[in-house]
Amino acid sequence: MASPIYDFAKKYSQSGTARFHMPGHKGRTLHGLEALDLTEIRGADYLFGAQGVIAESESQTAELFGAAKTLYSTEGSSLCIKTMLAVADRCRPDRSERMLVIAPRNVHKAFINACILLDIEVCWVYPAGGSRSLCSSGVTPEDIAAAADSCPRTPDAVYITSPDYLGFIADISGTAKVCKSRGMTLIVDNAHGAYLRFLGEDIHPLTLGADMCCDSAHKTLPCYTGGALLHISRSAPAAFGECAKLMMSMFASTSPSYLIMESLDLCSDYLSKNYRADLADCVRRTALCRQRLAECGWKTVGDECCKLTVAAGECGISGDELGDKLREHGIEPEYTDPDFVVLMTTPFNTEEDYLRLEQALARIPARSGSPAVFDVIPKALVRMPIRRAALAHSREVCVDDAPGCICGMTVTSCQPSVPIAVSGEEITADIIKILKRYGVLRISVL
Ligand SMILES: Cc1ncc(COP(=O)(O)O)c(C=O)c1O
């Protein structure tokens, strides 16, 4: 019998490709855990009722991140996102109405799934200054405050995705002040920002005032894919921590991967030792790389110091085409779209990786293109609750036949899974334009 998945992975691992994508370990050996793949045998503890080794490890990690409580997830931030929303919902003082959450539109699909499962009502907030792209919000604390004040009732929570896929970082402390003054819970999808805690200046969302946040450890730290952390702040209500495991267990597998938990465990040990120094080196090397790319005419955007987001469109080439050219040079980016190429760096990228990238981009001519023109994400015309529309019978139609229809199952861009049309919203000509731009040609409608 053939083993096509393993064969692909093996071939890729032997190809010598420079990995500018997740996971953060970049394929280098750090743990070597295969013989350690366990289940919940005696002594191995139990993730959703942790009292032994898992509890001990989680509490060490909580200490490292300055959290009141940290939960391990072996199913990524996707599981943490559903959990955080369930916790916020369950702990509301008044549950007579559906939970109302304010969110900029650049949420990950896991947020929509949580809205479907928990019947959450969303008040989408749009940036006064116009959106940068589908996956980058540009929403300010003032935008959040205005949205909260215009809601018919005080929203229960604000949900922010930061850093976003392009490497822009939202003003979390400003948003935290807005939330505090109105009694709203601040939840941050920090899937891309686990490392922010360990920079010279700690800009992790928990430090800046989030009540809860999730970190996809696997995206930026040396951890196996699927490993993530859900942090609860020391200033959040105690009830959050008390029900969090129970809420997580509702959405999770009863067979959490011990390999992933072990890699989270080892990862925390590494974070407590050499990581700050290694990260500082990585930040310096990434800055040098950014400067060398600029000298060759490549413009980069974003705030993150471990992400190189090349504004390819502005340099006369589409992001997707530039991605293909990099692949010809043995470089795999994290993400490409018509406007951008995203390259992620960690201390596990080698000097050889950086040199290969710099040499490749020096050989590919950067021209002057036109500044990226983004389709302004149109304000949603909500016709039906997300849950009702997502679970209703729907049929698939060609997007050209969809104007005026109500969206059935939410449509996200393939990567990075940001919604273009959300369940229950009216499909308009503007939305169809964006769907087509992201290659979506069929859509489920009611
Ligand atoms: C912004 C954002 N949030 C959440 C997720 C989900 O994270 P995970 O893959 O760890 O489940 C992703 C995944 O790419 C993401 O980009």
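Some notes on this structure:
- Remark: accessible surface ordering of Thr29, Thr161, Thr207 (largest first) is Thr29, Thr207, Thr161, probe radius 1.4 Å.
- Two-site label geometry, Glu328 and Lys180: point separation in nm, points 7 Å out along Cα→Cβ: 5.4
- For the chain, the Cβ-based charge dipole about the Cα centre amounts to some 400 debye (Lys, Arg positive; Asp, Glu negative; other atoms uncharged).
- Heavy atoms of the protein chains alone define the surface here; on that basis the chain has 42 Å² accessible area per residue at 1.4 Å probe size.
- Estimated [θ] at 222 nm from DSSP helical runs (n ≥ 4, -39500 (n - 2.57)) normalised by residues in the chain, nearest 500: -11000 deg cm²/dmol
- Positive-pole candidate from Val188, Gly200, Gln60, dipole of the chain, charges at beta carbon: Val188
- Residues in region 424-439 reached by a label modelled at Arg383 [backbone nitrogen below 19 Å; 7 Å Cα→Cβ]: 424-436
- Taken about its Cα centre, region 277-363 carries a charge dipole of roughly 300 debye when the Cβ of each Lys and Arg holds +1 and the Cβ of each Asp and Glu holds -1.
- The magnitude of the dipole of region 34-272, with charges of +1 and -1 set on the Cβ of Lys/Arg and Asp/Glu and taken from the Cα centre, is near 640 debye.
- Each residue of region 96-105 is assigned a 3J(HN,Hα), and the resulting list reads 6, 10, 5, 5, 10, 10, 8, 8, x, 6 Hz, derived from the Karplus form 6.51 cos²θ - 1.76 cosθ + 1.60 (θ = phi - 60°), x at Gly and Pro.
- Principal axis dimensions, the chain - Cα atoms, whole angstrom, descending: 59, 58, 52
- With the simple spin-label model, which puts each label point 7 Å out from Cα in the Cβ direction, the Cys414 to Arg42 separation comes to 5.1 nm.
- Inverse of mean 1/r across different Cα pairs in region 290-414, Kirkwood, Å: 17.2
- Within region 175-189, backbone nitrogen closer than 11 Å to the virtual label 7 Å beyond the Cα of Arg98 toward Cβ: none
- Of all accessible heavy-atom area on region 277-363, the percent that carbon and sulfur account for (1.4 Å): 49
- Pairwise Cα distances in region 386-445 exceed 18 Å in 21 percent of cases.
- Calculated log₁₀ intensity ratio I(q)/I(0) where the Debye formula runs over C-alpha points of region 126-226, q = 0.10, 0.17, 0.18, 0.24 Å⁻¹: -0.28, -0.77, -0.85, -1.30
- Nearest-0.05 FRET efficiency for Arg276 and Leu355, computed from C-beta distance (R0 30 Å): 0.75
- Solvent-accessible surface ranking, highest first, for Ser253, Ser131 at 1.4 angstrom: Ser253, Ser131
- For region 13-116, GluC sites (Glu not before Pro) are listed when DSSP marks them as loop and at most 15 other Cβ atoms sit within 10 Å of their Cβ; the list is Glu97.
- Farthest toward positive dipole pole in the chain [+1 Lys/Arg, -1 Asp/Glu at C-beta], among Leu271, Gly32, Cys243: Cys243
- For the peptides 295-307, 10-22, the ranking by packing is 295-307, 10-22, with the highest mean count of neighbouring Cβ atoms within 10 Å listed first.
- Whole-number D in µm²/s for region 277-363 (Stokes-Einstein; Kirkwood sum over Cα pairs; 25 °C, 0.890 mPa s): 193
- Extreme residue, positive dipole direction of the chain, given options Gly76, Ile432, Ser137 (C-beta unit charges): Ile432
The values are calculated or read from the model by the stated rules, or taken from the named source; none is laboratory data. Please read all numbers here as calculations on a predicted model, not as lab measurements. Note that each Cβ is placed from the backbone with ideal geometry, even for glycine, and that neighbours are counted across all protein chains shown. To get the accessible areas, we keep the full protein, side chains included, count just its heavy atoms, and leave off ligands, DNA and RNA. Shrake-Rupley method; radii C 1.70, N 1.55, O 1.52, S 1.80 Å.
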